[in-house]
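> Pasting a structure here, questions to come.
The values are calculated or read from the model by the stated rules, or taken from the named source; none is laboratory data. Quantities reported herein were computed from a predicted structural model and do not represent experimental measurements. Note that each Cβ is placed from the backbone with ideal geometry, even for glycine, and that neighbours are counted across all protein chains shown. These area figures cover heavy atoms from the full protein model, side chains too; ligands, DNA and RNA do not enter into them. Shrake-Rupley method; radii C 1.70, N 1.55, O 1.52, S 1.80 Å.
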Amino acid sequence: MNLTYGGGRVLACWFSATGTTKAVVQQSAAALAEVLGAPLEHFDFTLPQARTAPPELRPGDVAVVGLPVYAGRLPNVLLPYLNTWEGGGAAVLPVVVYGNRNFDDALMELRELLESHHFHTFAAAAFVGEHAFSTTLAAGRPDETDLQEAADFGRQAGLALLRGAASPVDVPGNCPVGPYYQPRDRAGNPIDIRKVKSKVNADCDRCGLCAALCPMGSIDPADVSRYTGICIKCGACIKGCPKHARYYDDPGYLYHKEELELGYPGRAPIWRSL
Ligand SMILES: Cc1cc2nc3c(=O)[nH]c(=O)nc-3n(C[C@H](O)[C@H](O)[C@H](O)COP(=O)(O)O)c2cc1C
């Protein structure tokens with residue numbers, strides 16, 4: 001089908017535990033809104049209290065929906081919530097952000113999810129952000145160059161929509177999507193980090209910021225060394241702690257982190273459809 005701009009808002013939507021997805025989505029959405037002359041609104045669904053209801057799309061709106069890549073796919077804990085979304089025919093840009101290894105089938109999964117909920121995809125992108133596990137993998141990304149690319153992507157998407165854009169957008173990846181990426185140890189055995197949780201060292205001053213930042217609401221604010229729910233290893237508490245007081249000491253997690261740092265040292269590319 002052919003899509004045109006219906007005169008509505010641009011709605012920038014993101015889940016972003018360490019802020020990299022937020023940065024590129026905001027940049028793309030701002031440039032898109034400028035080209036379209038549309039009002040810009042934000043919908044941040046990182047924290048649990050924001051995920052009680054889906055974003056409200058109106059006819060003619062254009063959404064930019066950004067998610068980080070976890071194990072080559074969308075974060076699976078978010079799927080029940082994302083499956084409550086309803087696009088009502090809105091145009092949408094699916095955006096994923098990956099940490100220098102690969103985005104595998106994540107962009108395909110996002111395109112398929114959005115299309116199945118009556119959003120119409122017409123452009124898409126995979127950007128690169130500093131890996132949640134590391135400070136050296138894609139360090140500092142998205143950087144100035146990435147943010148310029150993100151803005152240009154939003155601009156080009158806006159111009160395409162004004163001309164009339166084909167939907168759905170073509171993206172790389174398997175359809176139906178393949179399995180989650182499986183880290184392995186030296187002997188080739190799967191590393192299972194699902195039960196691994198971050199710990200707290202003596203520098204912690206109990207400020208409670210980590211509990212407030214946890215996208216799963218899993219850290220007890222009254223005792224931040226205690227988990228009340230699952231840890232998805234998103235990095236929010238680790239990177240958000242001003243005292244650098246949170247850490248992982250699980251050998252499997254640390255092995256996987258180092259393997260990624262050694263295996264993917266270069267500058268991973270951005271993929272975009274426009
Ligand atoms: C549990 C988990 C799994 C991840 N899996 C991948 C992956 O398969 N490929 C990759 O390149 N980056 C992977 N990453 C890195 C994130 O995609 C990257 O850090 C992203 O920038 C995080 O986005 P955010 O800052 O918006 O939270 C993973 C991160 C986490 C927390």
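> By how many nm would the segment from Glu259 to His42 grow when fully extended, if each residue of separation counts as 0.36 nm and the alpha-carbon distance is taken off?
Result for the pair: 74.5 nm of gain on full extension.
> Which net charge results for the neighbourhood of Gly178, defined as the other residues with beta-carbon distances under 13 angstrom from its beta-carbon, given Lys and Arg at +1 and Asp and Glu at -1?
With Lys, Arg at +1 and Asp, Glu at -1, the net is -3.
> Give me the number: length gained by fully extending Gln148 to His244, i.e. 0.36 nm times residue separation minus the C-alpha to C-alpha distance, one decimal in nm.
Gain in length upon complete extension: 31.5 nm.
> Determine the alpha carbon to alpha carbon distance for each of Lys22/Lys257; Lys22/Lys195; Lys199/Lys239; Lys197/Lys243 and list only those over 21 Å.
Lys22/Lys257; Lys22/Lys195
> Highest GNM mean-square fluctuation, the chain, Cα pairs closer than 10 Å: which of Leu78, Leu262, Leu113?
For the chain, modelled as a Gaussian network with Cα springs under 10 Å, the answer is Leu262.
> A follow-up question, please. Taking Cβ-Cβ under 4.7 Å as the only way to count a partner, pick out the unpartnered cysteines of the chain.
Cys13, Cys175, Cys204, Cys207, Cys214, Cys231, Cys234, Cys241
> Which one, Arg58, Arg226, Arg194, has the greatest fluctuation when you compute a Gaussian network model over the chain with C-alpha springs under 10 angstrom?
In this elastic network of the chain, the residue with the biggest mean-square fluctuation among Arg58, Arg226, Arg194 is Arg194.
> Continuing with this model, one more query. Where only protein heavy atoms count, and the probe is 1.4 Å, what is the accessible area per residue for the range 199-249 in Å²?
Per residue, the range 199-249 has an accessible area of 50 Å².
> For the range 1-104, what is the accessible area per residue in Å² when the probe is 1.4 Å?
Each residue of the range 1-104 exposes 36 Å² on average to a 1.4 Å probe.
> Hey, what angle do you get for helix 20-36 against the long axis of the chain, alpha-carbon based, 0 to 90 degrees rounded to 10?
10
> Excluding Asp104 itself, what net charge comes from residues whose Cβ is under 15 Å from its Cβ, given Lys and Arg +1 and Asp and Glu -1?
0
> Add +1 for every Lys or Arg and -1 for every Asp or Glu among the other residues with Cβ under 13 Å from the Cβ of Ile230, and state the total.
+4
> Now, a different point. Got the relative contact order for the range 45-190 handy, in percent, Cα pairs under 8 Å and 6 or more residues apart?
23
> Here is a follow-up. Roughly how many percent of the accessible protein surface of the chain is carbon and sulfur, given a 1.4 Å probe and a whole-percent answer?
That fraction is 52 percent.
> Among Gly188, Gly173, Gly72, which one moves the most in a GNM of the chain with springs linking Cα atoms closer than 10 Å?
So, out of Gly188, Gly173, Gly72, the one fluctuating most is Gly188.
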